[in-house]
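S.K.: The structure under discussion is supplied below as structure tokens; questions concerning it will follow.
Please treat every number below as a calculation from the coordinates, not as lab data. Not measured: the values here are computed from a predicted model. Backbone-built Cβ (ideal geometry, glycine too); neighbour counts: all protein chains shown.
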């Protein structure tokens with residue numbers, strides 16, 4: 001799979017179909033969606049010959065993840081999900097803070113991990129590993145007993161003083177129940193359709209009247225240009241000052257309409273700071289914003305004429 005990666009609305013526009021039609025194709029398995037994640041910690045794992053989970057590395061990742069169709073389907077239906085199964089990292093170059101050291105305080109592996117085998121960072125290897133939400137470290141038996149003892153002491157003291165003591169938390173949740181409970185939430189707005197899936201579907205369907213935008217292999221996608229492209233789609237004749245004001249308004253919104261990938265970090269009347277999925281910070285001055293907007297507008301018109 002490869003990008004650019006399109007929100008459902010943009011994918012519908014490219015394919016020339018309604019949202020319900022695209023959802024039907026996804027349900028049938030004709031098109032496979034992925035999920036975008038803002039930067040979050042992941043645990044990279046593999047399976048041994050007996051099918052047991054083996055930890056390989058920990059990292060932080062901001063990019064796209066492939067999930068099992070049954071896992072991602074609720075997002076297509078408009079429902080948030082908590083992922084409790086493995087995912088595939090689709091952009092190894094977007095991984096940061098790689099560490100192959102055992103990341104937990106406990107020496108014995110946290111279930112369901114059965115061992116740890118350090119991995120050297122390698123793009124081909126990463127594509128074969130299974131990404132899991134980085135887990136909260138569970139409570140060991142010794143620490144549970146220690147905590148229970150403290151609870152009992154406090155309860156006895158409260159009883160002598162004629163006070164009530166809440167015993168909640170005396171018995172900790174089992175480690176394997178804690179394992180998938182962190183960093184695992186995704187919302188419907190995180191769904192993306194890869195350009196590769198669009199191209200594959202169009203080729204299989206022999207569709208000629210609608211073309212997917214060609215993949216630019218000469219350089220990585222400029223996410224700021226993608227954001228401006230969405231704004232121009234909304235208003236093809238928008239002026240630089242209006243577009244800048246729209247970016248400011250979008251940045252302040254609880255649910256951005258245009259900055260779907262959350263790249264804008266800060267914006268003032270004179271400068272915009274944005275972060276690529278590769279973790280690189282860039283700056284756009286308002287003084288040079290008009291030429292940038294014009295460049296993206298030309299690309300928009302060229303694509304419209306081509307289609």
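S.K.: When only C-alpha pairs under 8 Å and at least 6 residues apart count, what is the relative contact order of region 14-61, in percent?
M.R.: For region 14-61, the relative contact order is 28 percent.
S.K.: While we're here: Within a 10 angstrom radius of the beta carbon, how do 104, 289 rank from fewest other beta carbons to most?
M.R.: 104, 289
S.K.: In addition: How would region 244-296 be classified by its alpha-carbon gyration tensor: rounded, prolate or oblate, with rounded meaning a/c under 1.5 and the a/b versus b/c comparison settling the rest?
M.R.: Oblate.
S.K.: Okay, moving on. Quick one: 304, 121, fewest Cβ neighbours within 10 Å first, how do they rank?
M.R.: 304, 121
S.K.: Something else about it: Using a/c under 1.5 as the rounded threshold, could you call region 1-109 rounded, prolate or oblate? The axes a ≥ b ≥ c are square roots of the C-alpha gyration tensor eigenvalues, and prolate needs a/b larger than b/c, oblate otherwise.
M.R.: In terms of gyration-tensor shape, prolate.
S.K.: Full-extension gain between residue 13 and residue 82, please, as 0.36 nm times their residue separation minus the C-alpha to C-alpha distance.
M.R.: Separation in residues times 0.36 nm, less the Cα-Cα distance, equals 22.0 nm.
S.K.: Set the Förster distance to 35 Å, then compute FRET efficiency between residue 204 and residue 303 from the Cβ-Cβ distance, nearest 0.05.
M.R.: 0.95
S.K.: Here is a further query. Based on the Cβ-Cβ distance of residue 254 and residue 117, what FRET efficiency does E = 1/(1 + (r/R0)^6) give at R0 = 41 Å, to the nearest 0.05?
M.R.: Working from the Cβ atoms, E equals 0.45.
S.K.: Could you line up 59, 12 from fewest to most neighbouring Cβ atoms inside 10 Å?
M.R.: Taking fewest neighbouring Cβ atoms as first place, the list is 12, 59.
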